[in-house]
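A.B. asks: The structure that follows is given in the form of structure tokens.
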Amino acid sequence: EIIEGKSSLDESMITGEPIPVEKGEGQNVVGATINSTGSLVIVAEKVGRDTLLSQIVQMVADAQRSRAPIQKLADQVAGYFVPSVIIIAILTATIWRFWGPEPKMSYALLNAVAVLIVACPCALGLATSMSIMVAMGRAATQGILFKNAEAIELMRKVNTLVVDKTGTITEGKPKLITVQTISAVSETEVLSIAASLEQGSEHPLASAILTGAADRGVSLVPVQNFTSVTGMGVTGEIAGKRVLLGNKTLFATQTISPEYIRSVDAFRELGQTVMYVGDEKEIFGFIGVADPIKDSSLEAIAQLRRAGIHIMMLTGDNKT
């Protein structure tokens, strides 16, 4: 648990979500995740076998020892098969002992053992458990965890795959793509205001804006009275004037023409997260940050579709 400090944490090892998560005093952190920006004082409430990572390792081990439904069928068959093979071996030995050529006893033992070896049911009992252990071991090296053996067996029935967007279809590293002005303020000034405000923010999109401003050679200015408004954006004062960066909710008193709303929607359709920049009276412009699609995503989705899998994307982003 965090007892002092605030920072952005990379929890992708646990959640698969590559964009850092902001955490502060009173919130829990997980061992083996990475602290990205600020400094934290934490109390370790669980150590050793009680940690989440240890529990995941134990879960994989338990899953490897679990029994798939088909194993029950194999065990039932083996329950009848083994006594049958033993009876056949005894009958074989008896037939060769009384009606076989000399040396009768030798031929009886030899053929009885041959029946036992050829019809040995070992593979029947071992095949399923071996395949489960191998499958789970191979899957774990690929970052895939199964809760039990039954899940592997049931996967053959899967016809729909639900995927996350960030870090799954996309790279998980947002980049500044668009800067557009809708007032007398220039694009450079719009970006300068946005980047200057984001100097005090630990939000994952802040680093994308700051990096984009640096790449474009835009200089930053000092900001006073910086405030982060949860779920809306950030505010601050530049040269004594209050400026804002965030979503439309943050600019509740300002109006934006339908023409520019259509323009913003067009950028959203390209997968960009759009943020407005302005003051308490007007909106100066907007900037768009996008998470680029992975080079491998298109082919991966195409392969899944060819395999007859229906794919759905489950994301917290806006529908557009």
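The values are calculated or read from the model by the stated rules, or taken from the named source; none is laboratory data. Keep in mind it's a predicted model, so treat the numbers as computed, not measured. Neighbour counts are summed over all protein chains in view; Cβ atoms, including those assigned to glycine, are modelled from backbone coordinates with ideal geometry. The accessibility values were calculated without ligands, DNA or RNA, using every heavy atom of the protein model including side chains. Shrake-Rupley method; radii C 1.70, N 1.55, O 1.52, S 1.80 Å.
A.B. asks: Working only within segment 259-283, note down all residues that are open to solvent by 50 Å² or more (accessible area, probe 1.4 Å), in contact (Cβ under 8 Å) with a residue 40 or more places away in the chain and more than 21 Å from T166 (Cβ to Cβ).
C.D. replies: Within segment 259-283, Y260, E282 meet the criteria.
A.B. asks: Also: Is there a residue in segment 163-185 that is more than 16 Å from I293 (Cβ to Cβ), open to solvent by 70 Å² or more (accessible area, probe 1.4 Å) and β-branched (V, I, T)?
C.D. replies: The answer is no, given that none of the residues of segment 163-185 is more than 16 Å from I293 (Cβ to Cβ), open to solvent by 70 Å² or more (accessible area, probe 1.4 Å) and β-branched (V, I, T).
A.B. asks: Is there any pair with a first residue in segment 292-320 that is closer than 23 Å to F267 by Cα and a second that is open to solvent by 80 Å² or more (accessible area, probe 1.4 Å) and modelled with pLDDT under 90 whose Cβ atoms are under 6 Å apart and which are 6 or more apart or on different chains, and what are they?
C.D. replies: Close Cβ pairs (under 6 Å, with a partner that is open to solvent by 80 Å² or more (accessible area, probe 1.4 Å) and modelled with pLDDT under 90) amount to T320/E269.
A.B. asks: For segment 171-229, give me the residue count where each residue is assigned to a loop (DSSP other than H, G, I, E, B), of a type outside the set (D, E), touching a residue at least 12 places away in the same chain (Cβ under 8 Å) and farther than 17 Å from I283 by Cα. Working first, answer last.
C.D. replies: Initially, segment 171-229 is screened for residues assigned to a loop (DSSP other than H, G, I, E, B), giving 171-174, 182-186, 199-203, 216-223.
Remaining after also requiring of a type outside the set (D, E): 172-174, 182-186, 199-201, 203, 216-223.
Now restrict to residues that are touching a residue at least 12 places away in the same chain (Cβ under 8 Å): 172-174, 182-183, 185, 199-201, 203, 216, 218-223.
The next check asks that each one be farther than 17 Å from I283 by Cα; those that pass are 172-174, 199-201, 203, 216, 218-223.
Of the residues in that region, 14 qualify.
A.B. asks: Here's a follow-up. Show me the strands (runs of 3 or more DSSP E) entirely contained within segment 244-320 in which 1 or more residues are of a type in the set (A, V, I, L, M) and under 24 Å from L197 (Cα atoms). I'd like the intermediate steps shown before the answer.
C.D. replies: On the way: elements: 272-279, 283-290, 310-313.
By residue number, 272-279, 283-290.
A.B. asks: Restricting to segment 74-118, name every residue that is touching a Ser or Thr at 6+ places or on another chain (Cβ under 7 Å) and within 30 Å of E153 (Cβ to Cβ).
C.D. replies: Matches in segment 74-118: A74 only.
A.B. asks: Name the residue that is most open to solvent (accessible area, probe 1.4 Å), counting only residues in segment 135-162 that are charged (D, E, K, R) and closer than 28 Å to S296 by Cβ.
C.D. replies: If we take residues in segment 135-162 being charged (D, E, K, R) and closer than 28 Å to S296 by Cβ, then R156 is most open to solvent (accessible area, probe 1.4 Å).
A.B. asks: Still on this structure, please answer the following. Does E237 qualify as being assigned to a strand (DSSP E or B), open to solvent by 20 Å² or more (accessible area, probe 1.4 Å) and of a type in the set (D, E, K, R)?
C.D. replies: Against the criterion (assigned to a strand (DSSP E or B), open to solvent by 20 Å² or more (accessible area, probe 1.4 Å) and of a type in the set (D, E, K, R)), E237 qualifies.
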